[in-house]
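The values are calculated or read from the model by the stated rules, or taken from the named source; none is laboratory data. This structure is a prediction, so every number in the text was calculated from the model and none was measured. No Cβ is skipped: glycine too gets one built from the backbone with ideal geometry, and neighbour counts run over all protein chains shown.
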Amino acid sequence: MIGIGAFAVYFITNLLILYFSRLREYYADNFAGHQVRPTLLANGLAKITYGLSLQKQEAQSSTLRSFYAVDPVASSYEVSKFASFYADQNISKEEVEKAMDWERKGAYSKFGEIFRTHPLTFKRIEKLYELERQQSMQN
């Protein structure tokens with residue numbers, strides 16, 4: 001019983017830590033949005049999240065591959081495959097909206113957010129656009 005109780009406390013405190021981490025990201029976005037235009041941050045966030053890496057990958061040494069979050073050799077195929085779509089390095093607003101809708105409507109996304117350190121990207125982008133509207137109303 002003690003072990004089960006300890007595990008339950010551990011699980012709940014872990015969820016609280018993840019919640020506070022997501023909350024910290026909102027505060028960081030808010031602070032950064034007051035330093036520069038929030039729409040610039042939102043566009044950058046969309047490119048990072050939905051556009052992934054659009055730049056060409058150089059061949060990496062196999063001894064360093066384990067230090068990357070994404071395998072650079074395996075992703076070079078994807079980058080070359082999609083490079084023709086994004087030759088200008090821009091992601092259209094429609095593409096961002098489509099990706100945001102997928103994230104917004106996905107049941108896995110909503111449930112999985114509980115176990116993530118960062119909020120869902122569409123929520124962060126919406127908050128940044130809301131901050132932009134508030135700033136434009138004050139000026």
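For (1) exposed (fewer than 10 other Cβ atoms within 10 Å of the Cβ); (2) under 17 Å from the mean Cα position of the chain (by Cα); (3) at pLDDT below 85; (4) closer than 30 Å to PHE20 by Cα, each residue gets a yes or a no:
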{"position": "GLU58", "(1), (2), (3), (4)": "yes, no, yes, no"}
{"position": "ALA83", "(1), (2), (3), (4)": "no, no, yes, no"}
{"position": "GLU94", "(1), (2), (3), (4)": "yes, no, yes, no"}
{"position": "GLU103", "(1), (2), (3), (4)": "no, yes, yes, yes"}
{"position": "LYS123", "(1), (2), (3), (4)": "no, yes, no, yes"}
{"position": "TYR129", "(1), (2), (3), (4)": "no, yes, no, yes"}
{"position": "GLU132", "(1), (2), (3), (4)": "no, no, no, yes"}
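Per the conditions (1) modelled with pLDDT of 90 or more; (2) surrounded by 12 or more Cβ atoms within 10 Å (Cβ to Cβ); (3) over 20 Å from THR117 (Cβ atoms), the sole criterion not satisfied by ILE4 is (2).
Please find, within the range 110-139, the residue that is nearest to MET100 (Cα to Cα) out of those that are in contact with a helix residue (DSSP H, G or I) (Cβ under 8 Å, 6 or more places away or on another chain) and assigned to a loop (DSSP other than H, G, I, E, B). Filtering the range 110-139 for residues that are in contact with a helix residue (DSSP H, G or I) (Cβ under 8 Å, 6 or more places away or on another chain) and assigned to a loop (DSSP other than H, G, I, E, B), the one nearest to MET100 (Cα to Cα) comes out as LEU120.
Scan the range 29-39 and tell me whether some residue there is at pLDDT below 90, over 30 Å from ILE12 (Cβ atoms), under 16 Å from the mean Cα position of the chain (by Cα) and not basic (Lys, Arg). Checked the range 29-39: at least one residue is at pLDDT below 90, over 30 Å from ILE12 (Cβ atoms), under 16 Å from the mean Cα position of the chain (by Cα) and not basic (Lys, Arg). Scanning the range 105-116 for residues that are loosely packed, with under 12 Cβ neighbours inside 10 Å and either touching a residue at least 12 places away in the same chain (Cβ under 8 Å) or at positive phi (or both) returns ILE114, PHE115.
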